[in-house]
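Chemist: So that we are looking at the same thing, I have put the structure below in structure tokens.
Throughout, read-outs are computed from the coordinates displayed, never taken from laboratory work. Every value quoted in this text rests on a predicted model; they were computed, and no experiment measured them. Cβ placement follows ideal geometry from the backbone for every residue including glycine, while neighbour counts extend to all protein chains displayed.
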Amino acid sequence: MTVSKKLSEEKIKQIREMVKDGLSRFQVAKKTGLSANVVSKYTRDLPKPRDKTPCIKVREIKFLTRFLRKGYALLREGGNILLKLASEASDD
């Protein structure tokens, strides 16, 4: 059984700020020399950072592929992406 020392208020504040700044809990643990479990313990109430890169799920790709194979085209109008038959899209 290991005895854990309580972290200082300053150290807790430091790891919380690092997580708030967007570092993952694993990255914070690596930079501070703490275990990921300890970092998680003191930052559990903070939202997890999200990966900001856009992604398309497999089922969405399959859905779009079906339409593209049927002759539809993807068009951008404003901030929207539309599916139109390619013959109709060329008239616009």
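Chemist: Which lysines, on any chain, are close to Lys84 with Cα under 27 Å apart, when same-chain ones fewer than 8 places away are left out?
Modeler: Correct list for Lys84: Lys57, Lys62, Lys70.
Chemist: What spacing in nm lies between the two simple spin-label points modelled at Leu74 and Asp21, each 7 Å away from Cα in the Cβ direction?
Modeler: For Leu74 paired with Asp21, the spin-label model returns 3.6 nm.
Chemist: Another question about this same structure. What FRET efficiency comes out for Lys62 versus Ala36 if R0 is 41 angstrom and r is the Cβ-Cβ distance? Round to the nearest 0.05.
Modeler: Plugging the Cβ-Cβ distance into 1/(1 + (r/R0)^6) gives 0.70.
Chemist: Now, a different point. Using the Cβ atoms and a cut-off under 12 Å, what net charge is assigned to the surroundings of Asn37, where Lys and Arg are +1 and Asp and Glu are -1?
Modeler: On the way: positive: Arg25, Lys41, Arg44; negative: none.
Around Asn37, the charge tally is +3.
Chemist: Under 26 Å Cα to Cα from Lys13, which lysines show up? Leave out anything in the same chain fewer than 8 places away.
Modeler: Cross-link targets: Lys5, Lys30, Lys31, Lys41, Lys48, Lys52.
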